[in-house]
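Reviewing the structure listed below.
What follows draws every value from the coordinates through simple rules; no lab data is involved. Because the structure is predicted, anything quoted here is derived from the model rather than measured. All Cβ positions, glycine included, derive from the backbone under ideal geometry; neighbour counts span all protein chains shown.
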Amino acid sequence: MKSELSRRERDVLLLIAKGLNNKQIARELGLSVHTTKHHVSRLFDRIDVVSRLQAAIWYTQKGVQQ
């Protein structure tokens, strides 16, 4: 991981791990889908993954401090 995750990145990661898609994440967090896509992309870069499945596995293995 390149650095500590922001609160929003942790929130997004948790929702990805729960299986939510970008539209559902956007609704849950009160964001636009565009902003959600930006958060997901940045999150993937920060934890060095390329898919939602890898992100969910990363979350399961590493855990995230809420």
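Points worth noting:
- Values of log10 I(q)/I(0), in the order q = 0.11, 0.27 Å⁻¹, for the chain under a Debye, Cα-only, solvent-free model: -0.20, -1.31
- Proximal lysine pairs, the chain, alpha carbons under 21 Å, eight or more residues apart or interchain: 5
- Helical mean residue ellipticity (222 nm; -39500 (n - 2.57) per DSSP H run of 4+; nearest 500) of the chain: -21000 deg cm²/dmol
- Computed over segment 7-62: relative contact order in percent, which uses C-alpha pairs under 8 Å that are six or more apart: 44 percent
- Counting only Cβ charges, +1 for Lys and Arg and -1 for Asp and Glu, the dipole size of the chain around its Cα centre is about 120 debye.
- Ranking VAL49, LEU15, GLY30 by Cα position along the charge dipole of the chain, where only Lys, Arg, Asp and Glu carry charges on their C-beta atoms, puts GLY30 farthest toward the positive end.
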